[in-house]
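Step one of this worksheet: look at the structure below.
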Amino acid sequence: TYESVLASSPVVGPDWVFLSSSYNVGSAVLRLDDKGGYEQVWKDRSIGLQFSNGVLVDGKIYAVDGTSDRAGAVIGIDPASGKSLFRSDLDWDEEVMFNGAKRTINMSIGEGSLLWVDDGFLCLGDNGHLLSLDITPEGVKVVARSWLFRANQSWTPLALSRGLLYVCQNRPERFGDKAPRLLCYDLRR
């Protein structure tokens with residue numbers, strides 16, 4: 001594959017590593033062997049993380065499987081077998097003002113990113129939506145959603161430090177006048 005994105009960081013387990021690349025390259029788990037080498041445990045070309053890092057929680061990997069021009073999905077993977085636990089496309093309609101007229105557009109998380117926080121997940125969609133998600137091995141439920149900014153290519157991973165959530169808007173707003181910026185939200189209770 002000549003065109004691919006290797007922006008996803010590996011997920012490291014007790015004696016294995018999960019690697020992923022988009023555009024039909026796929027994902028794999030490699031296990032360390034006794035001689036310092038590795039063996040391929042499984043490979044699946046249908047799972048390809050573009051900008052999202054996988055998150056290991058309670059022995060399962062959760063991530064956003066999305067590439068350009070395609071809606072993103074939250075996925076769950078059993079790293080031991082490569083078995084897909086679930087795949088949930090997250091999309092919804094948003095009403096926007098464009099050239100003085102209301103317009104309804106379909107949105108999704110696209111090439112979004114996940115962040116595990118104490119009581120669940122946060123997901124930044126690639127169009128500036130922040131979602132609070134409840135993810136289990138059985139699937140995903142959207143707890144809350146907010147449109148932080150109306151700009152695409154929001155691929156920078158979320159960062160959380162001492163209760164402060166940092167979100168990067170990489171491009172100017174499409175339906176507004178905000179320039180690229182770093183935003184900080186206070187999540188402390």
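Derivation of every value follows stated rules applied to the coordinates shown; laboratory data play no part. All of these numbers come straight from a predicted model, not from anything done at the bench. Please note: Cβ atoms are built from the backbone with ideal geometry, for glycine as well, and neighbour counts cover all protein chains shown.
Given Lys35/Lys60; Lys60/Lys141; Lys102/Lys141, which pairs have Cα atoms separated by over 20 Å?
Pairs exceeding 20 Å: Lys35/Lys60; Lys102/Lys141.
Let me spell out the model: positive unit charges on the Cβ of Lys and Arg, negative unit charges on the Cβ of Asp and Glu, origin at the Cα centre of segment 134-189. What dipole size does that give, in debye rounded to 20?
My answer is approximately 160 debye.
With label points built 7 Å along Cα→Cβ from the Cα atoms of Glu39 and Ile105, find their separation and express it in nm.
Label at Glu39, label at Ile105, 5.0 nm between them.
Before anything else, pin down the relative contact order of the chain: Cα pairs under 8 Å, at least 6 apart, normalised by residue count, whole percent.
Contact order relative to length: 12 percent.
Between Val57 and Tyr166, 0.36 nm times their residue separation minus their Cα-Cα distance comes to what?
37.1 nm
Which order do the peptides 81-88, 29-36, 44-51 take when ranked by the mean count of other beta-carbon atoms within 10 Å per residue, highest first?
Top of the packing list down: 44-51, 81-88, 29-36.
With the dipole of the chain worked out from charges on the C-beta (+1 for Lys and Arg, -1 for Asp and Glu) around the Cα centre, which of Val12, Asn170, Gly100 lies farthest toward the positive end?
Gly100
Under a Cβ-only charge scheme (Lys and Arg +1, Asp and Glu -1), can you give me the dipole magnitude of the chain about the Cα centre, in debye to the nearest 20?
480
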